[in-house]
1. I'd like to verify a number: residues in segment A:213-231 that are at pLDDT 95 or above and either of a type outside the set (A, V, I, L, M, F, W, C) or out of contact with any strand residue (DSSP E or B) (no Cβ under 7 Å at 6 or more places or on another chain) (or both), how many?
2. Within segment B:110-136, track down each residue that is touching a Pro at 6+ places or on another chain (Cβ under 6 Å) and surrounded by 22 or more Cβ atoms within 10 Å (Cβ to Cβ).
3. Looking at B:144, B:102, B:115, which one is of a type in the set (D, E, K, R), within 18 Å of the chain's Cα centre (by Cα) and not in a strand (DSSP E or B)?
4. Output the number of residues of segment A:119-150 satisfying the condition of being within 11 Å of chain B (Cβ to nearest Cβ), in contact (Cβ under 8 Å) with a residue 24 or more places away in the chain and acidic (Asp, Glu).
5. Take residue B:165 and tell me if it is at negative phi, within 22 Å of the chain's Cα centre (by Cα), surrounded by fewer than 21 Cβ atoms within 10 Å (Cβ to Cβ) and within 14 Å of chain A (Cβ to nearest Cβ).
6. Please work out which one of (1) in a loop (DSSP other than H, G, I, E, B); (2) surrounded by fewer than 20 Cβ atoms within 10 Å (Cβ to Cβ); (3) touching an Asp or Glu at 6+ places or on another chain (Cβ under 9 Å) is the condition residue A:85 fails and give its number.
Amino acid sequence: MKRYLVILFLLLLPIKAMAITGEEVIKKSQAAFLYPGKDCKARVVMKLISKEGKERIRELAMLRKNFGEIGGEQKYFIYFFQPADVRNMTFMVYKYPSKNSDRWLYLPALDMIRQIAASDARSSFVGSDFSYEDVSGRNIAADTHTLLREEKLGDKNSYVVESVPKEPIDYIKKISWIDQATFLPLKEEYYDVQNDLVRVFAAEKIEEISGMEGQEQKKIPTIIRRTMKNLKTGHRTDVTYTSVFYNVGLKNDIFAERYLRNPPDEWIK
Amino acid sequence: MKGFFSGTIVIFVIFLLTLIGNTGIVIAQVDESEFSREKTLEKVKAYLVELPVEFHGFFEARGGIRTQEDPHESKTATLGETRLQLHLFKSLDWVKFRIKSDFLYDGVEEGTDVDFREVNAVFTPFGFMELKVGRQILTWGTGDNIFINDLFPKDFTSFFIGREDEYMKAPSDAVKMSFYTQALNINVVYTPKFDSDRFIDGKRLSYFNPQLGRLAGEDAVIHPEKRDEWFDDSEVAYRLYRDIRGYNLCLYGYHGFWKNPVGFDPHVGKGFFPRLSAYGVSARGNVLQGIGTVEMAYYDSMEDQSGKDLFIPNSQLRFLTGYEQEAAKDFTVGVQYYLEQMIDYSAYRDNLPLGNQSADRCRHAFTLRLTKLLMYQSLRLSLFAMYSPSDQDAWVRPNVQYKITDYWSAETGANIFLGEKDYSFFGQFKNNTNVYAGVRWSF
């Protein structure tokens, strides 16, 4: 009889207590946002828009490949098409989950490869409102994640997670709204040291992109339009993926000095 | 030059043939159909749109002046030019063609000039091999404005008068062969006819002339003996490299000539480029929170191996180490230490005539580079400074670059040369201290 009472008691426990934790949500979100597919090939247009409406364009081809498990090492290869002064430049990143990334930039006019000192992952990526970390992901263990609540954002059920950096950086907390169905971030708010809302990320368009995984055709939900707005400066960056392909079969040797100097046409054009 | 032009012409012809090959088809189709002029035009237009030739470049105006009088140069202006650079690029399955050429009016030299910076073709005959043939810019090594194992031509005049950074490098007419394997990557660069640095010859910038024992300029322009025999005056440079545990390790070799006319032939009273071989190593990778580099080379002065010849430099050991770190958001600090040591110093001293100024056994220098990016990286403030405690001289290069839009940019800066002694490395240029500014429209 006692045994049945225990089972009955367990069944009556509020569902909340068995639900997912903040850290698990963020982990799943990084997997969906930054690690989908074994590899990825995308053409990206970034619009950097000043408060006065002045636009600068960055157009690039991005190749990404995962090495090891989700949350592990990744390599990125980027080729710039626009603007004219960076055209033909290539950029390579080896991202490690728990140490500084390695970054290399190739300057074709000088035939020079520069390894870039990258101790500050908060630096802006190509002058946009996105930091390197915003683009390639932040070490999950560097923050304390708390699931605040579950709520609807538009027509989507979402988890609301607060992430507080353990070491002081340029924001004191980030609140993320994560789609319960796809685990993609729908919205993020960054608060500065004065606890003012300073930056807002929004996923504006999500599409399902087909990608072969082995013999299986899979649909991968992908944010193809996103924006990051700085409320203090009025500057914002709109990012559009004009094309995305998953599991294209990128070889490991693409991510090497050889291709920095002589970009692989078949992958970037 | 003649040889280069024939090489250039060959590449141009191949380039044109690939274009004509395609137009030939268009013309043939036109011939078979109606001879309507409009249709032909339409087809040509359609063809041009289809034409996968990338066409880019920039137009630039740039000027610079000395901040003081120079008794050896008649002009105050160090720089005054308008420049059009055109890039043409075409990629086919089996080859990539690139032409990059500058057309300029030079107000200081009062003339026009065409400077082909790149005219080359890149082939990949095998998966593990690449060939780059023609005029090209070549760079390797780890230094920031200091080159040890990189013995490809540089243009110090351009650099010291404030042309854009890309002009620090002068082109080579060469064949670059690259081999890529799991164990090792190899680059071999063969330059059939020696390409010297575009050295400071007195025409635009004054310098210390050791034969005259004083500063000189237009009154003593250097016209060295030519090294222009095809294949006899050839250069070979090679590099073997691989990454081990995130560190990039390189071995280097070079067989050719000193890149500046550092030799002097007393019989003809002319400078010349003595033979030089160099062997070196470098390593680059993460150190602490930044990037650390170390590079060294042994310069074997082939025509003065005993070190006794006064008119040819001694063999040298060159050493460079550097560290760069992002100190704050969008703010980078880099430091370097450089050492140049004469190998046969006692032989040099013993043979030095009385009364001649003796060089130090070691020349060493520190460099500092600060770079700050502002306004969403559209404004770049940078400072490069090099100070030599042994020569007691310095070179300071502040620079501000502003990208007004994606097309327009403006730049201003200065080259400041300091030093008490006329004969020291930077001290000799002190009358050339200059400020410069430029505007560029890129397309």
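1. 7
2. If we filter segment B:110-136 for residues that are touching a Pro at 6+ places or on another chain (Cβ under 6 Å), which is where we start, we get B:117, B:135.
Within segment B:110-136, just B:135 meets the criteria.
3. Values: B:102 fails: not in a strand (DSSP E or B); B:115 fails: not in a strand (DSSP E or B).
Among B:144, B:102, B:115, only B:144 is of a type in the set (D, E, K, R), within 18 Å of the chain's Cα centre (by Cα) and not in a strand (DSSP E or B).
4. 1
5. yes
6. Only one criterion is unmet by residue A:85, namely (1).
Conditions tested, residue by residue: (1) hydroxyl-bearing (Ser, Thr, Tyr); (2) assigned to a loop (DSSP other than H, G, I, E, B).
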residue	(1), (2)
A:229	no, no
A:233	yes, yes
A:239	no, no
A:242	yes, no
A:245	no, no
A:250	no, yes
A:253	no, no
A:260	no, no
A:267	no, no
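A quick yes/no check of all residues on (1) more than 12 Å from chain A (Cβ to nearest Cβ); (2) part of a loop (DSSP other than H, G, I, E, B); (3) aromatic (Phe, Trp, Tyr); (4) under 29 Å from residue B:63 (Cα atoms):
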residue	(1), (2), (3), (4)
B:337	yes, no, yes, no
B:341	yes, no, no, no
B:347	yes, no, no, no
B:359	yes, yes, no, no
B:368	yes, no, no, yes
B:382	yes, no, no, yes
B:400	yes, no, no, yes
B:414	yes, no, no, yes
B:422	yes, yes, no, yes
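The values are calculated or read from the model by the stated rules, or taken from the named source; none is laboratory data. Computed from a predicted model, the values in this text were never measured in an experiment. Backbone-built Cβ (ideal geometry, glycine too); neighbour counts: all protein chains shown.
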